[in-house]
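The block underneath contains the structure these notes are about, expressed in structure tokens.
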Amino acid sequence: IEPVQDHFKKKLKGMKYDELIDLYMEMIQKKMPDMKSVIGFMGFSFGGELSAALAAKYEELYGERRLAIMGDTLARLESEYLDREMVESDLPEEALIGTKEKIESFLYRVNIINSFGYGKKYGCYDGEVTLLDARKGYSEEREKMKIHNAKMRWKNVKVIPMEDYTHTDLFRDLSMAD
């Protein structure tokens, strides 16, 4: 699942979370007509959240569970979705590190994600979920919140701590796909 960029806002304008999952599943079905060969779904950051939702959709369609792998995904609970665009003062202190341009870019991507809303139908998944948790540079409090939220959203989540990785490091490390 590709990174959240401008094309998300242009191509998917007005689309809700569950519709986004349906769209991704349709694209996968076109590329892989033999859906029984699917062993799992993998995504990074927001794509990790989508991977768990796609695994839930797969279970609904085919009656079997598949693995969901999430690369440094911060699970957000329904109550954490805002009914307005986020502004800089909404961000945790750790997100305010970097240049003004980086913070604005982060806010831009978060607001695109928020525009989809919370996934009522595919928000939770009870199958096997693995979270590769980048921890470098984050506070212990943030990590506790991240793990708590992950366990609230995905009952069978296994967390693999990645102590030497930042969010960006994990994204750029191509060996994670092996």
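Looking only at residues in the stretch 37-71 that are in contact with a helix residue (DSSP H, G or I) (Cβ under 7 Å, 6 or more places away or on another chain), open to solvent by 10 Å² or more (accessible area, probe 1.4 Å) and assigned to a helix (DSSP H, G or I), the one that is nearest to LEU174 (Cα to Cα) is PHE46. Contact annotation: residue pairs with Cβ atoms under 6 Å, 6 or more positions apart or on different chains, pairing a residue in the stretch 60-71 that is under 12 Å from MET35 (Cβ atoms) with a partner that is of a type in the set (A, V, I, L, M, F, W, C) and crowded, with 23+ Cβ neighbours inside 10 Å, are ARG66/ALA55. Among the conditions (1) modelled with pLDDT of 80 or more; (2) more than 30 Å from MET15 (Cβ to Cβ); (3) not hydroxyl-bearing (Ser, Thr, Tyr), the only one that GLU93 does not satisfy is (1).
The values are calculated or read from the model by the stated rules, or taken from the named source; none is laboratory data. Bear in mind that the values here come from a model prediction, so they are computed numbers and not experimental data. Cβ coordinates were reconstructed from backbone atoms using ideal geometry, including for glycine residues, and neighbour counts include every protein chain displayed. Only protein heavy atoms, including side chains, enter the accessible area calculation; ligands, DNA and RNA are left aside. Shrake-Rupley method; radii C 1.70, N 1.55, O 1.52, S 1.80 Å.
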